[in-house]
Structure formats: structure tokens, C-alpha cells
Amino acid sequence: MYGAILGDMIGAPYEFDRGNKTKEFPLFGRGTEFTDDTVMTVAVAEALLDAAEAGDNASEAAGAESIRQRLVQSMRKWAKIYPNAGYGGMFYRWLHASDTRPYGSFGNGSAMRVAAAGWLYGSLEETLKYAELTAAVTHDHPEGIKGAKAVAAAIFLARAGCSKVEIKKFIVREFGYDLSRTCDEIRPGYHHVETCQETVPEALTAFLEGESFEDVIRTAVSLGGDCDTLTCIAGSIAEAYYSVPEEIKAECRRRLPNRMLKVLDRFEAQISAAGGTLSVFHLGNLLVERAIDRFHADTGRITLAAALDAIRDRMHAGGRFIMPVQPSKDDPARTEFLNVKTEDNGFCPAAFTSLDEYTRGPQAQMSINEISAALKATLDSDRAGLIVNPWGNALFLSRQLVELLFKADED
């Protein structure tokens, strides 16, 4: 959550178009202090941590309602502790109303407070469910929910090792945001606006263009507008992709009260206990898995092309497959790829996108191979192709398709 909080702090002095739209400014200067963005980010994190400890499940009606109540209570508790943090008008009225129902907002508050949901769960599906819950407690307009889910998904994908190309494609495809403009194109006419529709795409673009954690922060601030929230969103994703430099994290902690630090420490302990990042065997391949699933649900040229595109993106990002191997018949000291039977009774090597996919079938010795190397080995052999995830939703990459993948790079 440090990325979100730092974005809020560093962007705060330039909110309401008070900056001069440059990346050259003191990172920590006068007015660098947390606002409502940080307060609500901490409130949501505490509620989700409490829900996890209680075993509340977002997929069950009772669990979802329990999480909603925890979010309401936590938001109101933290708002009472920090009543003058700069809350928006509609949200401020909700904080003090007897009615706790949502009010149809599509403001960017749902996206700026969602960081914890991007870190606490082990699958993209869970991440999206919990992100929606954190939004819908107040921001139940479809755009408010979409903004929160897009940001949480970007954080999750960054944790999973996905490249920026893959993250961008996923966000555009799943949420329909226009990410075609550059920051240089956005900057001149951008102004203070507090909707998800006109904050989340800009924050995502700042993340995509930034070359380090600090550069993402500076790029986001340079856009202007609702600067603390935009930079909070961009920083939350940048932390998952780059991590936060220790000296910047230390400066952040110096500017936070002890009660917030306790939640941050509790949150970090939970992430550390869960391994901090996703299983090394995921290696960003979940987007390949999703593309293959779509191909199985709607077999056709377009879905096949999308699956091949996802594999090619993984190749470019240094992605890897799990490959079962066995001792070579010619030289027992060496190993060779283990072949599996295909539908046409032929045999070809198997490749798996994750440990979960691998453990669905018979076990063998494992080898982790770069996708590009595995595909080149297929072309160098006399096999008909390579079969991906043979125990689940399988995708047969014939020699022709493998050749097509490499030809696409040449072209």
C-alpha cells in the first residue's frame, strides 16, 4: 500500500491544478502529507484483513454482506479519527448519514482506495470480487465498480510478473478503457476531474509510461488534475511492478501516524506470510490460461489468434513453461521432454502454464523452460507440435502455428 499512500502524499500539493505540469519538483516538500485517499486506503485494508481473519468469503452471500459491514464500519471509524482529510461532498454526507446504502457514485474514490484488494488474494477472480465489494459499498455505479476492478487487476497482474504490454492489453480488453493516448497528449488539456472515467485511464497511462517507481509518480503528478488521487492510483500499481525504494518508503513512514503504521505492518505481515508474490510457476501465464479458456468457450479464428498473441507476449516478457522430462533412452544421464498422446493418437511434448495445471495429471520430473526455447525445440524436432495444458483446457500448437508465432515477430 505504500505506493498508493506515497502517490497521495506527493500529489497532494498539486491537487486542483496547482502544479505547473512538470516532472521536475521536490518529491517531499511543503504540503507533502496524506489526505482522504490514504485514510480510506488504510480503512479498506483493515476491513479486508479483519474479513480474512474471520474467514469471510466474498463468493458467499453471508460472507459478502459481512465484508460490506466491515467496510462501512472501518471507513466511518477512520473518518472520525481524521475528519478533515478532504473527503468529497457526497462521500462526506454518506459518512455521517444513518443510511449506509451506496449512493450510485462513479467518483474516483473507489479506485484510489482499492490497493489492498490487489495484494491480498491468490487469483484474479478473487481479486476482482473483493475489489467490487470495496467499491460497491458506496460507489455502486458501473463505472465506479469498473474503476476499482481495473486498478486491482493491474496490481494483481503486476504481482504475477506480467509485462506492461500484457497489463495494458488486459485492461483494454476487459474494461474498455482507451489507453491509446500518451501522457504528452493528455497533459495539455487535462484538468481537475473526479470521475473514474477521467482518472483511471490517465493513471494507468502514467504507470505504463513510467520507467521506475519514482518516474511513475513524477509522470502522474505532471498530468495535473485531481493530482493526489491520480498519483495514488498510479503509485499503487507501480509498487506492484517495481517495488518502492527503501529510502522513499522510510520517508513515507516518517510522515504517518502510529495507528496507520500498525495497519501497514499488519498488512505487510499478511503479504509476507503468503509469500509476498504469486507462485513462481505462474510467471504471468494466467493471461495465457484465460486466453485459452476463451478459445475453448468460443472456438474460432479470433479467439485462437488472441491465445497465440498472449503466448507471444509471454515470450517477449521472458515467460516460461513447466515441461515434464524423462531420462533419455540414448543417454540416461541426460533428460528429454516427456511426450503425451494427442487426440489423433500422435505424441508430442507437453507444456504447462502453472503448477496447478501440471498437477492435474500424472507426475514426472519437471523442467522450467523459456517459452521461446520450448517452441524452437519443437521446430527442431520431428514432433507434430506442442500441447499446452493437456490435462485441462488444452491448446495444441501445431508446427504451423509455432512457425506462425515466430513469423509474426519477423514481420
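Computed quantities for the displayed model
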| read-out | value |
| --- | --- |
| Residue in the stretch 34-53 that is in the same structural domain as THR195 (by TED's automatic domain parsing), over 27 Å from ALA154 (Cβ atoms), surrounded by 12 or more Cβ atoms within 10 Å (Cβ to Cβ) and out of contact with any strand residue (DSSP E or B) (no Cβ under 8 Å at 6 or more places or on another chain) present | no |
| Strands (runs of 3 or more DSSP E) completely within the stretch 300-411 that count 2 or more residues being surrounded by fewer than 21 Cβ atoms within 10 Å (Cβ to Cβ) | 320-327, 335-337, 339-341, 365-370, 395-398 |
| Test: residue in the stretch 144-157 that is at pLDDT 95 or above and more than 16 Å from the chain's Cα centre (by Cα) | yes |
| PRO327 vs. criteria free of Cβ contacts under 8 Å to residues at least 40 places away in the same chain and either over 23 Å from VAL165 (Cβ atoms) or in the same structural domain as ILE171 (by TED's automatic domain parsing) (or both) | yes |
| Scan of the stretch 44-62 for residues that are in contact with a helix residue (DSSP H, G or I) (Cβ under 8 Å, 6 or more places away or on another chain) and either part of a helix (DSSP H, G or I) or touching a residue at least 60 places away in the same chain (Cβ under 8 Å) (or both), ordered by number | VAL44, ALA45, GLU46, ALA47, LEU48, LEU49, ASP50, ALA51, ALA52, ALA54, ALA58, SER59 |
| Filter result for the condition that a residue is surrounded by fewer than 18 Cβ atoms within 10 Å (Cβ to Cβ), of a type in the set (Gly, Ala, Ser) and closer than 19 Å to THR38 by Cβ, over ALA250, ALA203 | ALA250 |
| Helices (runs of 4 or more DSSP H) lying entirely in the stretch 76-180 (those with 1 or more residues that are buried (at least 21 other Cβ atoms within 10 Å of the Cβ) and in contact (Cβ under 8 Å) with a residue 60 or more places away in the chain) | 109-112, 115-119, 124-136, 142-159, 164-175 |
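The values are calculated or read from the model by the stated rules, or taken from the named source; none is laboratory data. Predicted model only: the values in this text are computed from it and were never measured. Here Cβ is always computed from backbone atoms with ideal geometry, including for glycine, and neighbour counts include all displayed protein chains.
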